[in-house]
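All remarks here apply to the structure that follows.
What follows is calculated from the coordinates using simple rules that are stated; it is not laboratory data. Computed from a prediction, not measured in an experiment: that's the story for all the values here. Because the Cβ atoms are built from the backbone with ideal geometry, glycine has one as well, and the counts that use them run over all protein chains shown.
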Amino acid sequence: MMDKKEQFKKVKEIVTVYLPEDVPKEAISKESNLINELNINSANMVDIVLDVEDAFGIRLENSDMDQIHTIEDALNIINQKVVNKNN
């Protein structure tokens, strides 16, 4: 199982693919707001969620997606899902 640092690295890799050209990948931190700071659009948010599901072997519901505003939010939900999956 990945630790939180590895999870962050993986999520950062996924998000980087969808960054607009004017946003450097160095801008990504745990506190980064995906829409307001990283300029991720809603179509790309769906792609990010699909990639996260594949990468972590989890399923995110619409209610989970509604709670994801920052990278940290995503990591918390991923961690919760991974722990529940393994129990």
If you go through 33, 39, 44, the only one that is polar (S, T, N, Q) and within 13 Å of residue 71 (Cβ to Cβ) is 33
Restricting region 38-87 to residues that are acidic (Asp, Glu) and free of Cβ contacts under 8 Å to residues at least 24 places away in the same chain, the one farthest from residue 27 (Cα to Cα) turns out to be 61
